[in-house]
1. From the list Ala15, Ala34, which residue is within 15 Å of the ligand (Cβ to nearest atom) and either at positive phi or of a type in the set (A, V, I, L, M) (or both)?
2. Tell me, please, whether a residue that is farther than 27 Å from His53 by Cα, more than 16 Å from the ligand (Cβ to nearest atom) and without any contact (Cβ under 8 Å) to a residue 24 or more places away in the chain can be found in the range 144-166.
3. When you scan the range 62-95, how many residues do you find that are in contact (Cβ under 8 Å) with a residue 12 or more places away in the chain, over 22 Å from Met480 (Cα atoms) and not aromatic (Phe, Trp, Tyr)?
4. Select from the range 282-293 the residues that are in a loop (DSSP other than H, G, I, E, B) and either within 16 Å of Cys230 (Cα to Cα) or of a type in the set (A, V, I, L, M, F, W, C) (or both) and write down the one among them that is nearest to the ligand (Cβ to nearest atom).
5. Determine, yes or no, whether Tyr445 is at pLDDT 95 or above and either closer than 21 Å to Leu489 by Cα or crowded, with 22+ Cβ neighbours inside 10 Å (or both).
6. Condition check: more than 30 Å from Thr184 (Cβ to Cβ), out of contact with any Ser or Thr (no Cβ under 9 Å at 6 or more places or on another chain) and among the acidic types (Asp, Glu). Does Asp429 satisfy that?
7. Report whether or not Val509 is within 17 Å of Gly372 (Cβ to Cβ), more than 31 Å from the chain's Cα centre (by Cα) and surrounded by fewer than 22 Cβ atoms within 10 Å (Cβ to Cβ).
Amino acid sequence: MSDKKFFITTPIFYANAELHLGHTYTLVLSDILARYHRELGEKTFFLTGSDEHGDKIVRAAEKEGMGPQAFVNKNVAKMEALIQEIGVSNDLFIRTSDSEKHWPGAIKLWNALLEAGDIYKGVYKGLYCVGCEAFVTEKELVDGKCALHDTPPEKIEEENYFFKLSKYAPEIKRLIENGDLKITPKSRANEVVALIGGEVGDISISRPERAIPWGIPVPNDQTQLMYVWCDALSNYISALGYGSDNEENFKTFWPADVQVLGKDILRFHALLWPAFLLSAKLPLPRELLVHGFVNSGGKKMSKSLGNVLAPSEFITEYGCDALRYYLAREVSPTEDWDLTREKFKEVYNANLANGLGNLVSRTLKMSEQYFGGLVTGDAVSVPPIHFKISDTTSGEDVAGMNIPYIITNNILPRYHAHMALHEINKAADAIWELISHLDQFVADYEPFKLVKTDKKAAENVIWGLLYGLREVSQMLAPMMPNTSIRISLLVDKTSDSEGRIVFNSKVPVEPLFMRK
Ligand code: MSP
């Protein structure tokens, strides 16, 4: 076990509807990083949860003729079921309507801002987009409508508490510029710096209780409720016990190592959240990892635009790991991408049914047929490759080296380097490069022919393939946990009395991935 800790968070999801593939992306990206850091032996805490207060929820509940609590309970139950289905390994699911676990932290944070002299009363007059749960300006509108939600904002005039955001903007700008608050990718950091370069005003952080009767009451003023973003952002510390009588987890895990979020909520996380923390004299998160949008038909997938694809559709048809594969490898985390059913099927057949699945079943069949499933050898005896490797980190020429050597000196270092930078798609590419090297290795040595002329040589080739598959299974663990376990059970690894490695393999009863 390493003595490092790793705290990773997702944004908390609005409990107004079911999670779609956009949300699933946030979850799977975070889950892959959490699992990877657990594999490294770091003390990992992975947090997700639900954002349950505010106008958006109240209105959605009314539409269904339900009270807000019953409504969010229903949606959260579905959320938690889906989170299980996609194999998300969160350590905690925090709910903002949980007055025992969440409210004390939100209240403690509010009081800290108050004590710092950063909260004052004022009148807010302006526009509010319920979809964003945010005050907006005329300038941000397109044809009088919110660009994200395609709906006109509402005019509001009310007495609220304000937070002195303007006081912290210059310092946040400095922290982002000098890298103390790291924002990945860099282009998003620049975006925030540019935003701060313009005028940053103070922001309203409460709403009158009568306007939205569903939220956390402002301490010592029951006529006001906390603004939903103020309530929601505090989940990242309330979940660790901040404000409760046991702040142990808070002391161990805060600050967050990585906070994952979509680009639509960048300014809340890169400006408002750090400002709250600075005001409360708490450390800032080490890194914000900002991902792009999953589009559908060229627009951000969202319930309000009515273009959502449900993750369960893909899970039912292809399985949980196939969906995770797609999100891990076929998407660049920091860019926007479009998902279509056709593309999904195509990559599934090419890379899972044919690529990985086929390699596993071919290798295991040969191992069973020629060696009864028991293949003994060592890394040195595996014959060298005949083909060129495109990308080497070692700078050495790997032609003439063998598969175990290439894994250790080329594939694994690249895999880890990419994972450390959260480039999960490139890390997955390294795995699939290994898979295609293993395919090429079979094509070059033809163990099915070799076995007739030189059985030991064929055994060395198959040993190399089994060795490769074990490595594939280990690297896949964060991305495709079920497949990883299945492969490692099919290819068991022991050693004989002379210390040589023995692979004891079984032919799978059915293919890992059925062709579609
Ligand atoms: N409740 C706020 C977050 C509060 S965090 C203190 C919220 N919720 S959300 O349900 O709308 O979004 C949650 C996450 O899902 C965000 O990271 C958001 O970017 C992501 N996605 C929602 N739709 C998305 C796509 N179509 N594509 C990719 N991610 C998107 O915002």
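1. Details: Ala34 fails: within 15 Å of the ligand (Cβ to nearest atom).
After ruling out the rest, the residue left standing is Ala15.
2. No, the conditions are met nowhere in the range 144-166.
3. Total meeting the criteria: 8.
4. So the residue we want is Phe293.
5. So Tyr445 does not fit the description; no.
6. Criteria not met by Asp429.
7. On the way: within 17 Å of Gly372 (Cβ to Cβ): no; more than 31 Å from the chain's Cα centre (by Cα): yes; surrounded by fewer than 22 Cβ atoms within 10 Å (Cβ to Cβ): yes.
When the stated conditions are applied, Val509 does not pass them.
Residues checked against (1) under 21 Å from the mean Cα position of the chain (by Cα); (2) crowded, with 20+ Cβ neighbours inside 10 Å; (3) away from the ligand (no atom under 16 Å from the Cβ):
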residue	(1), (2), (3)
Asn295	yes, no, no
Lys300	yes, yes, no
Leu305	no, no, no
Leu323	yes, yes, no
Trp337	yes, no, no
Arg362	no, no, yes
Ser367	no, yes, yes
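The values are calculated or read from the model by the stated rules, or taken from the named source; none is laboratory data. All values reported here derive from a predicted model rather than from experimental measurement. Here the Cβ is made from the backbone with ideal geometry for all residues, glycine too, and neighbour counts use every protein chain on show.
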